[in-house]
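This report refers to the structure that appears directly beneath it.
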Amino acid sequence: MWPIRRSDHQLFEQLMRPHLKYLYRLAYRLTGQQHAAEDLVQEVMLKLFPRLEEIEKIEKLSPWLSKVLYRVFIDQLRKDKRSPVDLIGDDESIYETQPGKEQQPAEVTESEILQKKIQYAVTHLNEDQRILIMLHDVEGYSLLEIQQIQDVPLGTLKSRLNRARAKLREILKEVEPYATYERVKGVRGI
Amino acid sequence: MKMNCSETRVRLDDYYDDELSVLEFRAVNEHLASCDECKHELQAVDALRQALRDMPVAEVDDEFENRIFGEVRKHYSGASSSRFAAGFMTAMAAGLALWFATSIFIPQLPVDDASQVVMVALNDAYEVRLKFDAPVDLEQVTLSIDLPDNIELEGYADRKELTWQTQLKQGQNILALPLKAVAIGEGELVAQLFYGDKSRSFRVILKTTGNDALIYQVRKFNSV
(Lines give C-alpha, C1' and ligand atoms only; values in the text may rest on other atoms or scores of the structure.)
Protein backbone atom coordinates (compact mmCIF):
# COMPACT_ATOMS: atom_id res chain seq x y z
CA MET A 1 0.00 0.00 0.00
CA TRP A 2 1.37 3.37 -0.97
CA PRO A 3 1.59 6.23 1.53
CA ILE A 4 -1.99 7.48 1.61
CA ARG A 5 -2.63 11.18 1.25
CA ARG A 6 -5.86 12.98 1.99
CA SER A 7 -6.09 13.84 -1.70
CA ASP A 8 -6.16 10.12 -2.53
CA HIS A 9 -9.38 9.74 -0.59
CA GLN A 10 -10.79 12.86 -2.21
CA LEU A 11 -9.95 11.57 -5.66
CA PHE A 12 -11.33 8.11 -4.89
CA GLU A 13 -14.59 9.57 -3.65
CA GLN A 14 -14.81 11.90 -6.61
CA LEU A 15 -14.41 8.96 -8.98
CA MET A 16 -16.70 6.57 -7.12
CA ARG A 17 -19.50 8.78 -5.83
CA PRO A 18 -21.37 9.01 -9.16
CA HIS A 19 -21.50 5.20 -9.31
CA LEU A 20 -22.47 4.32 -5.76
CA LYS A 21 -26.24 4.35 -6.09
CA TYR A 22 -26.08 2.49 -9.34
CA LEU A 23 -23.80 -0.11 -7.73
CA TYR A 24 -26.12 -0.38 -4.76
CA ARG A 25 -29.03 -1.04 -7.11
CA LEU A 26 -27.09 -3.81 -8.82
CA ALA A 27 -26.03 -5.21 -5.45
CA TYR A 28 -29.62 -5.16 -4.29
CA ARG A 29 -30.73 -7.08 -7.35
CA LEU A 30 -28.02 -9.66 -6.75
CA THR A 31 -28.50 -10.08 -3.01
CA GLY A 32 -32.18 -9.25 -2.61
CA GLN A 33 -31.47 -7.60 0.74
CA GLN A 34 -30.80 -3.99 1.61
CA HIS A 35 -28.16 -4.60 4.24
CA ALA A 36 -26.43 -7.28 2.22
CA ALA A 37 -26.43 -4.92 -0.76
CA GLU A 38 -24.92 -2.09 1.29
CA ASP A 39 -22.31 -4.46 2.68
CA LEU A 40 -21.48 -5.64 -0.81
CA VAL A 41 -20.95 -2.09 -2.06
CA GLN A 42 -18.84 -1.41 1.03
CA GLU A 43 -16.73 -4.46 0.35
CA VAL A 44 -16.20 -3.40 -3.26
CA MET A 45 -15.11 0.08 -2.23
CA LEU A 46 -12.68 -1.33 0.33
CA LYS A 47 -11.19 -3.59 -2.31
CA LEU A 48 -10.96 -0.82 -4.89
CA PHE A 49 -9.31 1.95 -2.91
CA PRO A 50 -5.82 0.43 -3.19
CA ARG A 51 -6.36 0.29 -6.97
CA LEU A 52 -6.87 4.04 -7.26
CA GLU A 53 -4.12 4.52 -9.83
CA GLU A 54 -5.60 1.81 -12.04
CA ILE A 55 -9.12 3.21 -11.62
CA GLU A 56 -8.01 6.66 -12.73
CA LYS A 57 -7.03 5.26 -16.09
CA ILE A 58 -10.29 3.45 -16.80
CA GLU A 59 -12.38 5.30 -19.34
CA LYS A 60 -15.76 3.68 -18.79
CA LEU A 61 -16.04 2.95 -15.11
CA SER A 62 -19.64 1.73 -14.92
CA PRO A 63 -19.23 -1.61 -16.74
CA TRP A 64 -15.90 -2.20 -15.04
CA LEU A 65 -17.36 -1.53 -11.61
CA SER A 66 -20.35 -3.76 -12.36
CA LYS A 67 -17.98 -6.56 -13.16
CA VAL A 68 -15.95 -6.04 -9.99
CA LEU A 69 -19.10 -5.99 -7.87
CA TYR A 70 -20.40 -9.11 -9.56
CA ARG A 71 -17.09 -10.92 -8.90
CA VAL A 72 -17.10 -9.94 -5.24
CA PHE A 73 -20.70 -11.10 -4.95
CA ILE A 74 -19.89 -14.48 -6.54
CA ASP A 75 -16.88 -14.90 -4.24
CA GLN A 76 -19.07 -14.24 -1.22
CA LEU A 77 -21.66 -16.65 -2.53
CA ARG A 78 -19.05 -19.37 -2.86
CA LYS A 79 -17.78 -18.72 0.64
CA ASP A 80 -21.32 -18.90 2.04
CA LYS A 81 -21.94 -22.14 0.18
CA ARG A 82 -18.91 -23.65 1.89
CA SER A 83 -20.46 -22.87 5.24
CA PRO A 84 -21.79 -26.08 6.80
CA VAL A 85 -24.62 -24.23 8.52
CA ASP A 86 -27.34 -22.40 6.65
CA LEU A 87 -28.10 -18.82 7.42
CA ILE A 88 -31.05 -18.58 9.77
CA GLY A 89 -33.64 -15.86 9.74
CA ASP A 90 -32.73 -13.74 6.75
CA ASP A 91 -36.20 -12.34 7.07
CA GLU A 92 -35.48 -9.02 5.44
CA SER A 93 -35.16 -10.56 1.99
CA ILE A 94 -37.74 -9.27 -0.40
CA TYR A 95 -37.60 -12.58 -2.17
CA GLU A 96 -38.73 -14.65 0.73
CA THR A 97 -42.23 -13.31 1.05
CA GLN A 98 -44.70 -16.09 0.49
CA PRO A 99 -47.62 -14.97 -1.65
CA GLY A 100 -50.82 -14.92 0.35
CA LYS A 101 -49.16 -14.70 3.76
CA GLU A 102 -48.78 -10.97 4.11
CA GLN A 103 -52.09 -9.49 3.12
CA GLN A 104 -55.59 -10.72 2.59
CA PRO A 105 -56.83 -10.69 -1.02
CA ALA A 106 -59.32 -7.90 -0.37
CA GLU A 107 -56.49 -5.58 0.64
CA VAL A 108 -54.25 -5.91 -2.39
CA THR A 109 -54.42 -4.54 -5.89
CA GLU A 110 -53.84 -6.59 -8.99
CA SER A 111 -50.38 -5.14 -9.64
CA GLU A 112 -49.41 -5.92 -6.03
CA ILE A 113 -50.58 -9.47 -6.55
CA LEU A 114 -48.43 -9.79 -9.65
CA GLN A 115 -45.48 -8.26 -7.77
CA LYS A 116 -45.82 -10.77 -4.94
CA LYS A 117 -46.09 -13.61 -7.40
CA ILE A 118 -43.00 -12.46 -9.22
CA GLN A 119 -40.98 -11.97 -6.07
CA TYR A 120 -41.96 -15.44 -4.98
CA ALA A 121 -41.19 -16.97 -8.37
CA VAL A 122 -37.78 -15.30 -8.51
CA THR A 123 -36.75 -17.02 -5.28
CA HIS A 124 -37.46 -20.37 -6.80
CA LEU A 125 -35.14 -19.91 -9.73
CA ASN A 126 -31.65 -21.26 -9.34
CA GLU A 127 -28.96 -18.70 -8.58
CA ASP A 128 -27.71 -18.37 -12.18
CA GLN A 129 -31.22 -17.99 -13.53
CA ARG A 130 -32.19 -15.46 -10.87
CA ILE A 131 -29.14 -13.33 -11.53
CA LEU A 132 -29.71 -13.40 -15.27
CA ILE A 133 -33.36 -12.41 -14.97
CA MET A 134 -32.38 -9.65 -12.55
CA LEU A 135 -29.71 -8.25 -14.80
CA HIS A 136 -31.51 -8.54 -18.14
CA ASP A 137 -35.24 -8.36 -17.55
CA VAL A 138 -35.31 -6.31 -14.35
CA GLU A 139 -32.35 -3.94 -14.69
CA GLY A 140 -32.27 -3.87 -18.49
CA TYR A 141 -28.65 -4.89 -19.05
CA SER A 142 -28.13 -6.08 -22.63
CA LEU A 143 -26.78 -9.56 -23.24
CA LEU A 144 -23.54 -7.96 -24.43
CA GLU A 145 -23.18 -6.09 -21.17
CA ILE A 146 -23.91 -9.25 -19.19
CA GLN A 147 -21.37 -11.09 -21.28
CA GLN A 148 -18.77 -8.54 -20.19
CA ILE A 149 -19.78 -8.84 -16.56
CA GLN A 150 -19.98 -12.63 -16.37
CA ASP A 151 -17.44 -13.70 -19.01
CA VAL A 152 -19.91 -16.18 -20.45
CA PRO A 153 -20.37 -16.71 -24.24
CA LEU A 154 -23.32 -14.88 -25.74
CA GLY A 155 -24.99 -18.05 -27.03
CA THR A 156 -24.79 -19.66 -23.59
CA LEU A 157 -26.29 -16.57 -21.99
CA LYS A 158 -29.12 -16.50 -24.47
CA SER A 159 -30.10 -20.11 -23.93
CA ARG A 160 -29.76 -19.67 -20.15
CA LEU A 161 -32.02 -16.64 -20.31
CA ASN A 162 -34.62 -18.56 -22.30
CA ARG A 163 -34.55 -21.37 -19.78
CA ALA A 164 -34.76 -18.91 -16.89
CA ARG A 165 -37.83 -17.24 -18.39
CA ALA A 166 -39.47 -20.59 -19.07
CA LYS A 167 -38.85 -21.60 -15.46
CA LEU A 168 -40.14 -18.27 -14.19
CA ARG A 169 -43.39 -18.69 -16.14
CA GLU A 170 -43.73 -22.26 -14.94
CA ILE A 171 -43.39 -21.17 -11.31
CA LEU A 172 -45.82 -18.30 -11.82
CA LYS A 173 -48.41 -20.74 -13.08
CA GLU A 174 -47.92 -22.83 -9.96
CA VAL A 175 -48.56 -19.99 -7.51
CA GLU A 176 -52.04 -21.25 -6.82
CA PRO A 177 -53.39 -18.93 -4.09
CA TYR A 178 -53.32 -15.96 -6.40
CA ALA A 179 -54.38 -17.94 -9.42
CA THR A 180 -57.51 -18.90 -7.45
CA TYR A 181 -58.00 -15.34 -6.28
CA GLU A 182 -57.73 -14.01 -9.79
CA ARG A 183 -60.34 -16.46 -10.97
CA VAL A 184 -62.69 -15.41 -8.16
CA LYS A 185 -62.08 -11.77 -9.00
CA GLY A 186 -62.89 -12.46 -12.60
CA VAL A 187 -66.22 -14.11 -11.74
CA ARG A 188 -67.27 -11.31 -9.40
CA GLY A 189 -66.15 -8.70 -11.85
CA ILE A 190 -64.42 -6.66 -9.13
CA MET B 1 -40.84 -16.35 -44.55
CA LYS B 2 -44.06 -17.50 -42.89
CA MET B 3 -44.46 -18.53 -39.28
CA ASN B 4 -47.08 -20.58 -37.48
CA CYS B 5 -48.15 -20.05 -33.84
CA SER B 6 -45.49 -22.22 -32.19
CA GLU B 7 -42.69 -20.72 -34.30
CA THR B 8 -43.93 -17.28 -33.37
CA ARG B 9 -44.30 -17.95 -29.64
CA VAL B 10 -40.76 -19.18 -29.11
CA ARG B 11 -39.60 -15.88 -30.60
CA LEU B 12 -41.85 -13.53 -28.65
CA ASP B 13 -39.27 -12.69 -25.97
CA ASP B 14 -36.65 -11.91 -28.61
CA TYR B 15 -39.25 -9.96 -30.58
CA TYR B 16 -40.00 -7.97 -27.43
CA ASP B 17 -36.28 -7.34 -26.90
CA ASP B 18 -35.76 -6.42 -30.55
CA GLU B 19 -33.22 -9.17 -30.92
CA LEU B 20 -34.60 -10.93 -34.01
CA SER B 21 -33.14 -10.73 -37.47
CA VAL B 22 -34.98 -8.44 -39.87
CA LEU B 23 -36.55 -11.41 -41.63
CA GLU B 24 -37.72 -13.04 -38.43
CA PHE B 25 -39.02 -9.74 -37.10
CA ARG B 26 -41.12 -9.23 -40.22
CA ALA B 27 -42.44 -12.80 -40.10
CA VAL B 28 -43.46 -12.45 -36.44
CA ASN B 29 -45.08 -9.11 -37.23
CA GLU B 30 -47.09 -10.63 -40.06
CA HIS B 31 -48.24 -13.53 -37.92
CA LEU B 32 -49.25 -11.26 -35.05
CA ALA B 33 -51.31 -9.14 -37.40
CA SER B 34 -53.55 -12.10 -38.09
CA CYS B 35 -53.45 -14.13 -34.83
CA ASP B 36 -55.26 -12.89 -31.74
CA GLU B 37 -53.97 -15.72 -29.55
CA CYS B 38 -50.33 -14.89 -30.26
CA LYS B 39 -51.11 -11.22 -29.80
CA HIS B 40 -52.50 -12.12 -26.40
CA GLU B 41 -49.28 -14.04 -25.63
CA LEU B 42 -47.27 -10.97 -26.55
CA GLN B 43 -49.36 -8.92 -24.13
CA ALA B 44 -48.53 -11.48 -21.44
CA VAL B 45 -44.82 -11.07 -22.21
CA ASP B 46 -45.23 -7.33 -21.91
CA ALA B 47 -47.11 -7.61 -18.60
CA LEU B 48 -44.47 -9.89 -17.12
CA ARG B 49 -41.59 -7.69 -18.23
CA GLN B 50 -43.29 -4.59 -16.92
CA ALA B 51 -43.84 -6.27 -13.57
CA LEU B 52 -40.21 -7.37 -13.48
CA ARG B 53 -39.04 -3.84 -14.21
CA ASP B 54 -41.30 -2.60 -11.43
CA MET B 55 -39.74 -4.84 -8.80
CA PRO B 56 -38.97 -2.51 -5.91
CA VAL B 57 -35.53 -1.57 -4.65
CA ALA B 58 -35.21 -0.61 -0.99
CA GLU B 59 -33.94 2.95 -0.92
CA VAL B 60 -30.74 3.77 0.90
CA ASP B 61 -30.76 6.60 3.41
CA ASP B 62 -29.07 9.96 2.88
CA GLU B 63 -25.99 8.90 4.80
CA PHE B 64 -25.28 5.89 2.62
CA GLU B 65 -22.49 7.44 0.56
CA ASN B 66 -20.84 9.10 3.55
CA ARG B 67 -21.01 5.85 5.46
CA ILE B 68 -19.33 3.94 2.64
CA PHE B 69 -16.53 6.45 2.19
CA GLY B 70 -16.19 6.91 5.93
CA GLU B 71 -15.44 3.20 6.27
CA VAL B 72 -12.91 3.37 3.44
CA ARG B 73 -11.16 6.29 5.15
CA LYS B 74 -11.17 4.49 8.48
CA HIS B 75 -9.94 1.25 6.95
CA TYR B 76 -7.07 2.88 5.13
CA SER B 77 -5.99 5.16 7.91
CA GLY B 78 -5.07 2.44 10.36
CA ALA B 79 -8.36 2.41 12.22
CA SER B 80 -10.67 -0.56 12.35
CA SER B 81 -12.73 -1.23 9.27
CA SER B 82 -15.73 -2.43 11.20
CA ARG B 83 -17.27 -0.57 14.07
CA PHE B 84 -19.11 -3.69 15.06
CA ALA B 85 -16.04 -5.85 15.14
CA ALA B 86 -13.94 -3.09 16.65
CA GLY B 87 -10.94 -4.60 18.33
CA PHE B 88 -10.89 -7.75 16.26
CA MET B 89 -8.95 -8.81 13.26
CA THR B 90 -11.45 -9.40 10.51
CA ALA B 91 -9.22 -11.06 7.96
CA MET B 92 -10.94 -14.01 6.41
CA ALA B 93 -9.46 -17.26 7.56
CA ALA B 94 -9.51 -20.31 5.35
CA GLY B 95 -11.98 -23.03 6.07
CA LEU B 96 -15.18 -23.00 8.02
CA ALA B 97 -17.56 -20.16 8.43
CA LEU B 98 -20.29 -20.78 10.94
CA TRP B 99 -23.19 -18.42 11.09
CA PHE B 100 -25.31 -17.78 14.11
CA ALA B 101 -28.41 -15.79 13.57
CA THR B 102 -30.93 -14.37 15.89
CA SER B 103 -33.32 -11.52 16.38
CA ILE B 104 -32.51 -9.66 19.51
CA PHE B 105 -34.66 -7.72 21.93
CA ILE B 106 -37.92 -8.48 20.23
CA PRO B 107 -39.79 -10.33 22.96
CA GLN B 108 -42.61 -11.53 20.72
CA LEU B 109 -40.26 -13.38 18.40
CA PRO B 110 -39.40 -16.97 19.26
CA VAL B 111 -35.77 -17.56 20.10
CA ASP B 112 -33.98 -20.23 18.14
CA ASP B 113 -32.29 -22.41 20.69
CA ALA B 114 -30.24 -24.48 18.33
CA SER B 115 -26.60 -24.72 19.29
CA GLN B 116 -23.95 -25.81 16.87
CA VAL B 117 -21.31 -28.41 17.46
CA VAL B 118 -18.34 -27.86 15.24
CA MET B 119 -15.44 -30.26 14.84
CA VAL B 120 -12.27 -28.82 13.45
CA ALA B 121 -8.84 -30.12 12.66
CA LEU B 122 -6.05 -29.06 14.96
CA ASN B 123 -4.24 -25.86 13.97
CA ASP B 124 -6.74 -25.08 11.22
CA ALA B 125 -7.78 -21.46 11.14
CA TYR B 126 -11.47 -20.95 10.63
CA GLU B 127 -14.02 -18.27 11.07
CA VAL B 128 -17.08 -18.21 13.28
CA ARG B 129 -19.54 -15.51 12.36
CA LEU B 130 -22.20 -14.34 14.73
CA LYS B 131 -25.09 -12.59 13.10
CA PHE B 132 -27.29 -10.29 15.12
CA ASP B 133 -30.48 -8.83 13.72
CA ALA B 134 -31.28 -5.62 15.56
CA PRO B 135 -34.75 -4.06 15.20
CA VAL B 136 -33.33 -0.51 15.55
CA ASP B 137 -29.92 1.13 15.89
CA LEU B 138 -28.58 0.28 19.34
CA GLU B 139 -25.86 2.29 21.09
CA GLN B 140 -23.92 1.15 24.14
CA VAL B 141 -24.12 -2.55 23.49
CA THR B 142 -21.63 -4.66 25.42
CA LEU B 143 -20.31 -7.80 23.83
CA SER B 144 -18.25 -10.43 25.53
CA ILE B 145 -16.60 -13.53 24.15
CA ASP B 146 -15.46 -16.49 26.25
CA LEU B 147 -13.27 -19.04 24.54
CA PRO B 148 -12.57 -22.64 25.52
CA ASP B 149 -8.99 -23.44 26.55
CA ASN B 150 -8.08 -25.15 23.31
CA ILE B 151 -9.19 -22.29 21.06
CA GLU B 152 -7.40 -19.05 20.30
CA LEU B 153 -8.67 -15.89 18.75
CA GLU B 154 -6.08 -14.96 16.17
CA GLY B 155 -4.25 -11.88 17.29
CA TYR B 156 -5.33 -12.39 20.90
CA ALA B 157 -3.55 -15.64 21.76
CA ASP B 158 -3.28 -14.83 25.45
CA ARG B 159 -6.90 -13.80 25.97
CA LYS B 160 -9.68 -16.25 26.72
CA GLU B 161 -12.21 -13.60 27.61
CA LEU B 162 -12.82 -10.33 25.83
CA THR B 163 -15.39 -7.66 26.55
CA TRP B 164 -15.93 -4.46 24.67
CA GLN B 165 -18.57 -1.85 23.94
CA THR B 166 -19.97 -1.37 20.51
CA GLN B 167 -23.07 -0.37 18.64
CA LEU B 168 -25.45 -2.30 16.42
CA LYS B 169 -26.95 -0.85 13.32
CA GLN B 170 -30.54 -1.62 12.45
CA GLY B 171 -30.74 -4.94 10.63
CA GLN B 172 -27.94 -7.38 10.14
CA ASN B 173 -24.71 -7.10 12.10
CA ILE B 174 -21.92 -9.57 11.56
CA LEU B 175 -19.15 -10.31 13.99
CA ALA B 176 -16.46 -12.43 12.39
CA LEU B 177 -14.20 -14.25 14.84
CA PRO B 178 -11.02 -15.71 13.36
CA LEU B 179 -10.39 -18.77 15.52
CA LYS B 180 -7.70 -21.39 15.67
CA ALA B 181 -7.69 -24.70 17.53
CA VAL B 182 -4.37 -25.05 19.36
CA ALA B 183 -5.01 -28.24 21.35
CA ILE B 184 -7.22 -31.29 21.16
CA GLY B 185 -10.30 -30.93 23.31
CA GLU B 186 -13.90 -29.77 23.55
CA GLY B 187 -15.35 -26.60 24.94
CA GLU B 188 -17.91 -23.88 24.49
CA LEU B 189 -17.50 -20.54 22.82
CA VAL B 190 -19.96 -18.22 24.55
CA ALA B 191 -20.83 -14.84 23.11
CA GLN B 192 -22.90 -12.60 25.34
CA LEU B 193 -24.60 -9.43 24.32
CA PHE B 194 -25.86 -6.89 26.88
CA TYR B 195 -28.10 -3.93 26.20
CA GLY B 196 -29.61 -2.07 29.13
CA ASP B 197 -31.03 -4.71 31.44
CA LYS B 198 -31.38 -7.28 28.65
CA SER B 199 -28.92 -9.90 27.58
CA ARG B 200 -28.63 -12.74 25.15
CA SER B 201 -26.15 -15.60 24.95
CA PHE B 202 -24.96 -17.65 22.00
CA ARG B 203 -23.03 -20.87 22.36
CA VAL B 204 -20.97 -22.88 19.95
CA ILE B 205 -19.55 -26.23 21.00
CA LEU B 206 -16.07 -26.53 19.52
CA LYS B 207 -14.45 -29.94 19.29
CA THR B 208 -10.91 -30.33 18.12
CA THR B 209 -9.76 -33.55 16.53
CA GLY B 210 -6.46 -34.53 14.94
CA ASN B 211 -6.29 -33.91 11.23
CA ASP B 212 -9.70 -35.37 10.51
CA ALA B 213 -11.92 -33.90 7.88
CA LEU B 214 -14.26 -31.22 9.08
CA ILE B 215 -17.64 -32.49 10.21
CA TYR B 216 -20.43 -30.84 12.10
CA GLN B 217 -23.71 -31.53 13.76
CA VAL B 218 -26.40 -29.47 15.40
CA ARG B 219 -27.80 -30.05 18.85
CA LYS B 220 -30.09 -28.22 21.20
CA PHE B 221 -29.01 -26.14 24.13
CA ASN B 222 -30.77 -23.96 26.67
CA SER B 223 -30.48 -20.27 26.02
CA VAL B 224 -29.73 -17.90 28.84
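The values are calculated or read from the model by the stated rules, or taken from the named source; none is laboratory data. Predicted model only: the values in this text are computed from it and were never measured. Using ideal geometry, Cβ is built from the backbone for each residue, glycine included, and neighbour counts are taken over all protein chains shown. The protein model used for the area step is the full one, side chains on, heavy atoms only, and it has no ligands, DNA or RNA in it. Shrake-Rupley method; radii C 1.70, N 1.55, O 1.52, S 1.80 Å.
Summary of values
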read-out	value
Test: residue in region A:127-135 that is open to solvent by 20 Å² or more (accessible area, probe 1.4 Å), farther than 16 Å from residue B:49 by Cβ, more than 13 Å from chain B (Cβ to nearest Cβ) and in a loop (DSSP other than H, G, I, E, B)	no
Strands (runs of 3 or more DSSP E) (entirely within region B:130-201) containing at least 2 residues that are hydrophobic (A, V, I, L, M, F, W, C) and surrounded by 18 or more Cβ atoms within 10 Å (Cβ to Cβ)	B:138-146, B:151-153, B:171-181, B:185-195
All helices (runs of 4 or more DSSP H) inside region A:1-82 with 2 or more residues being surrounded by fewer than 14 Cβ atoms within 10 Å (Cβ to Cβ) and among the acidic types (Asp, Glu)	A:52-56, A:61-82
Long-range neighbours under 6 Å by Cβ, at least six apart or interchain, first residue closer than 13 Å to residue A:120 by Cβ within region A:163-174, second open to solvent by less than 10 Å² (accessible area, probe 1.4 Å)	A:168/A:121; A:171/A:121; A:172/A:121
Every pair of residues 6+ apart whose Cβ atoms lie under 6 Å, when the first sits in region B:162-183 and is more than 14 Å from chain A (Cβ to nearest Cβ) and under 21 Å from residue B:61 (Cβ atoms) while the second is modelled with pLDDT of 70 or more and open to solvent by 60 Å² or more (accessible area, probe 1.4 Å)	B:167/B:139
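Residue-wise test of (1) modelled with pLDDT under 50; (2) farther than 29 Å from residue A:63 by Cα; (3) touching a Cys at 6+ places or on another chain (Cβ under 7 Å).
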| residue | (1), (2), (3) |
| --- | --- |
| A:93 | yes, no, no |
| A:98 | yes, yes, no |
| A:118 | no, no, no |
| A:137 | no, no, no |
| A:143 | no, no, no |
